[in-house]
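Below: the structure, in structure tokens.
The values are calculated or read from the model by the stated rules, or taken from the named source; none is laboratory data. Remember, predicted model here, so these are calculated numbers, not experimental data. Neighbour counts run over all protein chains shown; Cβ positions are idealised from the backbone, glycine included.
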Amino acid sequence: MGLSITSIAFAANGAIPRFIPAKATTSRASCLDGAPANTRSYVLIVDDPDAPDPAAPKMTWVHWVLYNIPATAGACRRP
């Protein structure tokens, strides 16, 4: 299995809840799992291939581009 990202903020294949950074007090929890042992950092690009309307997609909308995320930032913490 390769790299996977999961979150406790929403269900797998579910809608991502609206997030307004100016009003946020915490970040969305996420877990990156399955990276090679020598991983130094991550890049995360979240795009939406059926934006703005899933019934009639017109473009791929890029929501986020995050880079230089330390490999330890998304470490999975299991109970």
### Message
Return the pair list, or none, for Cβ contacts closer than 7 Å from residues in the range 5-28 that are over 18 Å from H63 (Cβ atoms) and aliphatic (A, V, I, L, M) to residues that are at pLDDT below 70 and surrounded by 10 or more Cβ atoms within 10 Å (Cβ to Cβ), at least 6 apart or on different chains.
### Response
I8/A29
### Tally of residues being assigned to a loop (DSSP other than H, G, I, E, B) and either aliphatic (A, V, I, L, M) or modelled with pLDDT of 75 or more (or both) across the range 11-36
12
### Summary
Pairing a residue in the range 36-49 that is among the polar types (S, T, N, Q) with any residue that is surrounded by 13 or more Cβ atoms within 10 Å (Cβ to Cβ), where Cβ atoms lie under 7 Å and the two sit 6 or more apart in sequence or on different chains, gives T39/A71; S41/I69; S41/A71
### Query
So which residues in the range 37-59 are surrounded by 12 or more Cβ atoms within 10 Å (Cβ to Cβ), modelled with pLDDT under 80 and not charged (D, E, K, R)?
A51, P57
### Message
Take S7 and tell me if it is modelled with pLDDT of 80 or more, polar (S, T, N, Q), surrounded by 10 or more Cβ atoms within 10 Å (Cβ to Cβ) and at negative phi.
### Response
no
